[in-house]
Ligand code: SF4
């Protein structure tokens with residue numbers, strides 16, 4: 001099975017069974033941005049989750065959250081972003097206004113901003129999942145999981161695989177990392193589902209020390225590895241970035257190819273792109289097009305993935321706050 005298909009079916013399975021937001025392919029390093037990408041992230045809801053859904057459906061830029069802007073008196077925007085590079089500050093301020101986290105007013109030719117509502121305490125534990133359907137082709141698996149365990153950016157890390165997991169496999173990965181074996185025939189647990197996916201817990205994950213300094217390996221040289229020590233504050237901010245990316249992005253980021261051989265497949269509460277020729281899910285951006293021998297040019301199936309996410313999860317495509325703002329704007333049009 002391809003890693004792509006494994007990942008989509010696992011996301012559908014987790015979304016249907018957990019009170020958590022599911023997202024895929026999110027950056028999870030601090031000192032080396034982009035150095036570590038988590039395949040799947042499950043984000044558990046915090047006490048003010050509903051307040052977050054009321055603000056915006058999109059990711060709020062981290063620089064806007066960190067800026068010295070509150071919901072009270074409006075501030076001259078450049079004073080509020082004093083710690084930030086001017087270009088990044090401008091982009092963050094404009095985006096925050098566009099999605100409704102900030103509102104702005106003009107005074108004497110200067111732009112002043114304030115938060116439409118206070119940024120809430122809306123997420124709790126973050127679980128990172130590394131997908132490796134076939135452990136005989138591990139790639140960088142061991143070093144990736146060692147990075148996750150020593151950095152401690154997410155609360156738990158789990159390896160998900162379809163392979164039979166041996167004692168030797170378990171000994172090669174850090175003991176903090178949990179292991180799930182994914183069965184496709186429903187025969188090994190009583191957790192069978194529409195997709196035929198069952199999760200067998202081979203090892204429970206340990207809780208990582210997210211509030212303590214972490215060690216992030218950077219580059220390996222013969223006989224030594226360069227590392228960065230990452231402070232708890234930097235980790236907290238990186239966790240907030242992960243949470244915001246997860247909220248805005250989710251996991252339905254795939255496309256449906258314009259090919260007559262592709263059909264839609266329902267897996268739990270999700271609609272996925274299924275190729276009849278391959279007999280499996282396909283990654284349209286990588287696999288589909290005129291160079292494929294079975295390609296038949298046709299319109300792509302009409303699937304409203306955003307509407308599906310809105311219906312099936314706690315994420316809201318059209319928050320109430322936005323509807324109020326839009327009807328307010330209508331009065332001036
Ligand atoms: S382009 Fe090829 S891989 Fe993609 S759906 Fe059509 S037949 Fe399948």
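Below is a table of values for the structure above.
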quantity	calculated
Neighbours by Cβ (under 9 Å, 6+ apart or cross-chain): first from the stretch 285-311, without any contact (Cβ under 8 Å) to a residue 60 or more places away in the chain; second in a helix (DSSP H, G or I) and within 10 Å of the ligand (Cβ to nearest atom)	300/284
Residues within the stretch 290-304 that are more than 14 Å from residue 271 (Cβ to Cβ) and more than 6 Å from the ligand (Cβ to nearest atom), tallied	7
Residues within the stretch 295-314 that are surrounded by 13 or more Cβ atoms within 10 Å (Cβ to Cβ), out of contact with any strand residue (DSSP E or B) (no Cβ under 6 Å at 6 or more places or on another chain) and farther than 30 Å from residue 52 by Cβ, tallied	1
Flag if residue 280 is more than 16 Å from the ligand (Cβ to nearest atom), touching a residue at least 12 places away in the same chain (Cβ under 8 Å) and touching a helix residue (DSSP H, G or I) at 6+ places or on another chain (Cβ under 9 Å)	no
Some residue of the stretch 137-147 being surrounded by fewer than 16 Cβ atoms within 10 Å (Cβ to Cβ) and touching a residue at least 12 places away in the same chain (Cβ under 8 Å)	yes
Selection within the stretch 87-110 - surrounded by 15 or more Cβ atoms within 10 Å (Cβ to Cβ) and in a loop (DSSP other than H, G, I, E, B)	100, 101
The lone exception for residue 233 - which of (1) modelled with pLDDT of 95 or more; (2) surrounded by 13 or more Cβ atoms within 10 Å (Cβ to Cβ) it fails	(2)
The stretch 254-279, residues that are surrounded by fewer than 14 Cβ atoms within 10 Å (Cβ to Cβ) and more than 21 Å from residue 16 (Cα to Cα)	260, 263, 276, 279
Selection from the stretch 147-168 of residues that are touching a strand residue (DSSP E or B) at 6+ places or on another chain (Cβ under 7 Å) and not in a strand (DSSP E or B)	147, 148, 149, 150, 151, 152, 153, 154, 155, 162, 165
Residue list for the stretch 175-185, filter: at pLDDT 95 or above and within 27 Å of residue 5 (Cβ to Cβ)	177, 178, 179, 180, 181, 182
Selection count, the stretch 236-255, where residues are in contact with a helix residue (DSSP H, G or I) (Cβ under 6 Å, 6 or more places away or on another chain) and either in a helix (DSSP H, G or I) or under 22 Å from residue 197 (Cβ atoms) (or both)	4
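The values are calculated or read from the model by the stated rules, or taken from the named source; none is laboratory data. Predicted, not measured: the structure shown is a model, and the values here were computed from it. When we count neighbours, we look across all protein chains shown, and the Cβ atoms used for this are built from the backbone with ideal geometry, even at glycine.
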